[in-house]
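The block underneath contains the structure these notes are about, expressed in structure tokens.
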Amino acid sequence: MSACITVPQVTDSGAVRGMITALRSRYSFLNTLPVGRSAVGREIMGLVMGGGRERVLISGAFHGQEWLTALTALRLCEELCHGLATGEKLAEWDLSRAMAGRCVVMVPMVNPDGVDIAIHGSQSAGALAQSVQDMGGDEPGAWQANARGVDINHNFNAGWDLLQEMERKKGITGPGPRQWGGPAPGSESETRAMVNLCKKGRFRHVVALHSQGEEIYWEYGERTPDRSRLMAAVMASASGYGVARPEGLASHGGFKDWFIQEYGRPGFTIELGKGENPLPVEGFEEMYEKAREMLLLALMM
Ligand SMILES: [Zn+2]
């Protein structure tokens, strides 16, 4: 294989842009898709592989500190592109056959502002720098939210009233580094970008990458389809990850929660890796090796 583009690195929004540019210049069949803009105005970039009708979405970096999930998505993209271009198998998969009739849409970094704040501090937040600083944006290892102090994965319209009640009980009443669901469901441009993408995309299922815990979440309320449990079990057996149930604040307002409730189709949250966020770059290859087949299954099932 020619030199890998998606080498382990601290993955801020600029790194994602650079890797996408390099991947596209090597693989001409890799298309981009404008998904939206962040609060500060950064582009939320999408990638498209394959032109089939069975569309699956995989997305990462909803949370600032979880930027290694963006690198994970881009590595997967690079391996898929390499396999399609060369005919080489990937984890025993013949990708041209596996991808026949399929289309993979990837949004490696849903929350580019949050990632840049987590890595570079409040000064990366442009016009919002002062308010991010006031919210604690320069405290190392804390930032999960977008630049307006809203936790994107609590901002989707699923179980909003319950989530509000839980926030109040936990003393979360306004913008901050993590866990505030925002003034209203879908109040954030990043959230709306993902909602609009799903409306246009008609995805058969969606996968959201988070870290950490080596767990797969698959359930949200009555509209969860029966096959979700089985798909989660298949992914778990390919990776050694656990199949989990969310508790407390993590149980409403998430992207996969909204997707399941809205469409009655499978949605998954995969908590990659083990350790403390941000997961260290040095552990990337090992984490990726363990997750590769699960991620391929997540796209091809
Ligand atoms: Zn997360």
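The values are calculated or read from the model by the stated rules, or taken from the named source; none is laboratory data. This is a predicted model, so every value here is computed, not measured. Every residue, glycine as well, gets a Cβ built from its backbone with ideal geometry; the counts of neighbours run over all protein chains shown. We work out accessible area using only protein heavy atoms, side chains counted, and drop any ligands, DNA or RNA first. Shrake-Rupley method; radii C 1.70, N 1.55, O 1.52, S 1.80 Å.
Summary of values
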| item | result |
| --- | --- |
| Within a Gaussian network of the chain (alpha carbon springs, distance under 10 Å), most fluctuating of GLY46, GLY242, GLY254 | GLY242 |
| Packing rank of 161-168, 173-180, where each peptide gets the mean count of other beta carbons within 10 Å, highest leading | 173-180, 161-168 |
| Label-point separation, ASN196 to SER25 (7 Å along Cα→Cβ), nm | 3.0 |
| Within-12-Å neighbourhood charge of GLY114 [Cβ basis; K, R +1; D, E -1] | -4 |
| Considering only the stretch 13-291, percent of DSSP beta bridges that pair antiparallel, nearest 5 | 40 |
| Local electrostatic count at ARG245 - Lys and Arg +1, Asp and Glu -1, tallied over other residues with Cβ under 10 Å | -3 |
| Under 27 Å, Cα to Cα: Lys pairs in the chain, sequence gap 8 or more or different chains | 9 |
| Rounded to 10°, Cα long-axis angle of helix 284-300 versus longest principal axis of the chain | 70 |
| Computed magnitude of the charge dipole of the stretch 13-291 (debye, nearest 20; Cβ of K, R +1, Cβ of D, E -1) | 1140 |
| Extended-chain gain in nm, criterion 0.36 nm per residue less alpha-carbon gap, LEU33 and ASP94 | 19.4 nm |
| The stretch 228-301 shape via C-alpha gyration tensor axes, a/c threshold 1.5 | oblate |
| √(5λ) per eigenvalue of the Cα gyration tensor, the stretch 67-190, largest first, Å | 36, 19, 11 |
| Relative contact order of the stretch 120-276, defined on C-alpha pairs under 8 angstrom at six or more residues apart (%) | 27 |
| Percentage relative contact order, the chain, counting C-alpha pairs under 8 Å, at least six apart | 20 |
| Rg(Cα) / (2.2 N^0.38 Å) computed for the chain, rounded to two decimals | 0.93 |
| Estimated [θ] at 222 nm from DSSP helical runs (n ≥ 4, -39500 (n - 2.57)) normalised by residues in the chain, nearest 500 | -12000 deg cm²/dmol |
| Percent breakdown of C-alpha pair distances by 5 Å bin, ordered from the shortest bin, for the stretch 1-145 | 2, 10, 19, 21, 17, 12, 8, 6, 4, 2, 0 |
| Residues in the stretch 72-106 that a label on SER237 would reach, taking backbone N under 18 Å of a point 7 Å out along Cα→Cβ | 92-93 |
| For the stretch 13-291: accessible area per residue (Å², 1.4 Å) | 41 |
| Farthest positive-ward along the chain dipole, Cα basis, beta-carbon charges - from PHE255, LEU84, GLN65 | LEU84 |
| Efficiency of FRET between ARG223 and THR173 - r from beta-carbon atoms, R0 22 angstrom, step 0.05 | 0.15 |
